[in-house]
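Beneath this line is the structure, given in structure tokens, with notes to follow.
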Amino acid sequence: MKDTVAAIATHPRFRAACDTMRAEHDRTVEDIIRLTEIPAPPFGEEARAAAYLAMLQQHGLEEVEQDEAGNVMGRRRGFGNGETLVVAAHLDTVFPAGTDVRVRREGTKLFAPGVGDDTRSLAVNLAFLRALDAAGIRTRADILFVGDVGEEGLGDLRGVRHLFTKGRHAGKIDAFLTVDSPEVDRIVTGGVGSKRYRVVFRGPGGHSFGAFGLVNPMYAMAEATRGIGAIQVPRTPQTTHCVSIVSGGTSVNAIPNEVRIEVDLRSRAPAELARIDAEFRAIVERAVAQENATRDTRDGTVSAEIIPIGDRPAGGTAHDNPIVAAATAAVAYHGYTVSYEDSSTDANIPMSLGIPALRIGSGGRGGRAHSLEEWIDVEREESLRGMSASLLTILAAAGAELD
Ligand SMILES: [Zn+2]
């Protein structure tokens, strides 16, 4: 794979593609700014999706369309037999509607919520398309360019989940690259799975003094929380639990009739995630039973309802998989020190289905993602170096035609 990657990298057509990206650098930066300034809050990606759909149309792709989930996409036809590589970037940001998304520019730095995660990648994928076309580079695999919805938070990967499990491309995608955030040296090969719940503890409620002795859902909730905190987890594969939000109660002088917690369980390994998930459920059940056995249930018992609010499957792409070799060689070729990471990205979905998938970078530097002070640096040389590495990864994964 190292030789294949070097052969592509030194080919005149790949050099021509890089020259196009260089010549169009300002346009790419303009596209980043334009897309960043279209708000795309969770579950509110429509406006940005419409703009991106129009941009995909202008890039000469086939089958440009929006699917039922809201993802927008178009196909760059390969010369093979329809084998398909998806190259994606996510449309959504973590920022709620009403957030000021105007871009502030200081030198080569752009500041704005969502500018690096993941708006830059949307623009960079368009730059890749123009570069491939200008250089006349053909690939064996079809490349399906996708701007997907619902990557962040409670979006719960719904866009890519739909693409792989329900949309018309389900079962027909052979590999997946998500271009997500600037850093190209950190290749994500592991998908951290998570299960998130809201647990609602309910009871009869009553006067804190007059009805003293009745079951109290707060005590069941506290016992459950203590139990979750005591779940033993391995360091590798990294597995974690967190009771992160608590709410409820009626008044300081009332036995509450409802309290709630939110719980986040994570692991890199599906089996570990399943194990702590089962333990968590048993702990909640035991805590409820214990409260009902300890206090008076004459006016009703305590119950707990476990409501799923997030479910991201765990998975991974083996390091001897050809796309890992392609990304590693392409990134190293550009002088970066490669590291492999676990994270929770759109790649989780294909990874969990056994389809080779990675997160790669959009190039340049950046920081403070998920904060209002999010920034990227669009300095030309470092940006082009990173973009060139990721384009090389895509071409090695899609099988570039060299003659
Ligand atoms: Zn992202």
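The values are calculated or read from the model by the stated rules, or taken from the named source; none is laboratory data. Since the structure is predicted, the reported quantities are computational estimates derived from the model, not experimental observations. Methodologically, a virtual Cβ is constructed for each residue, glycine included, from the backbone with ideal geometry; neighbour enumeration extends over all protein chains shown. Just so you know, the surface numbers come from the protein's heavy atoms only, side chains and all, with ligands and any DNA or RNA stripped out. Shrake-Rupley method; radii C 1.70, N 1.55, O 1.52, S 1.80 Å.
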**Fill in**
Scanning segment 69-95 residue by residue, the ones that are away from the ligand (no atom under 16 Å from the Cβ), at pLDDT 95 or above, closer than 26 Å to N348 by Cα and assigned to a loop (DSSP other than H, G, I, E, B) total 5
**Asked** Can you pull out the residues in segment 142-166 that are farther than 17 Å from A49 by Cα, more than 13 Å from the chain's Cα centre (by Cα) and not aliphatic (A, V, I, L, M)?
**Response** D142, F164, T165, K166
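Being modelled with pLDDT of 95 or more and either within 16 Å of the ligand (Cβ to nearest atom) or in a strand (DSSP E or B) (or both) is true for just one of G366, G354. Which residue is that?
Of the residues listed, the single one that is modelled with pLDDT of 95 or more and either within 16 Å of the ligand (Cβ to nearest atom) or in a strand (DSSP E or B) (or both) is G366.
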**Fill in**
Every listed condition ((1) open to solvent by less than 50 Å² (accessible area, probe 1.4 Å); (2) not in a helix (DSSP H, G or I)) holds for A327 save (2)
**Prompt:** Given E381, E341, which one is under 23 Å from L129 (Cβ atoms) and either open to solvent by 40 Å² or more (accessible area, probe 1.4 Å) or without any contact (Cβ under 8 Å) to a residue 12 or more places away in the chain (or both)?
**Reply:** E381
**Asked** Do you know which residues across segment 99-114 are away from the ligand (no atom under 12 Å from the Cβ) and either open to solvent by less than 10 Å² (accessible area, probe 1.4 Å) or modelled with pLDDT under 95 (or both)?
**Response** L110, A112, P113
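Yes or no, residue by residue, for (1) hydrophobic (A, V, I, L, M, F, W, C); (2) closer than 29 Å to R275 by Cα; (3) within 16 Å of the ligand (Cβ to nearest atom); (4) in contact with a helix residue (DSSP H, G or I) (Cβ under 6 Å, 6 or more places away or on another chain):
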position: V146; (1), (2), (3), (4): yes, no, yes, no
position: R161; (1), (2), (3), (4): no, yes, yes, yes
position: P182; (1), (2), (3), (4): no, no, yes, yes
position: G203; (1), (2), (3), (4): no, yes, no, yes
position: H207; (1), (2), (3), (4): no, no, no, no
position: E223; (1), (2), (3), (4): no, yes, no, yes
**Asked** R298: among the basic types (K, R) and open to solvent by less than 20 Å² (accessible area, probe 1.4 Å), yes or no?
**Response** no
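Do we have V64 as in a strand (DSSP E or B), open to solvent by 10 Å² or more (accessible area, probe 1.4 Å) and at pLDDT 95 or above here?
yes
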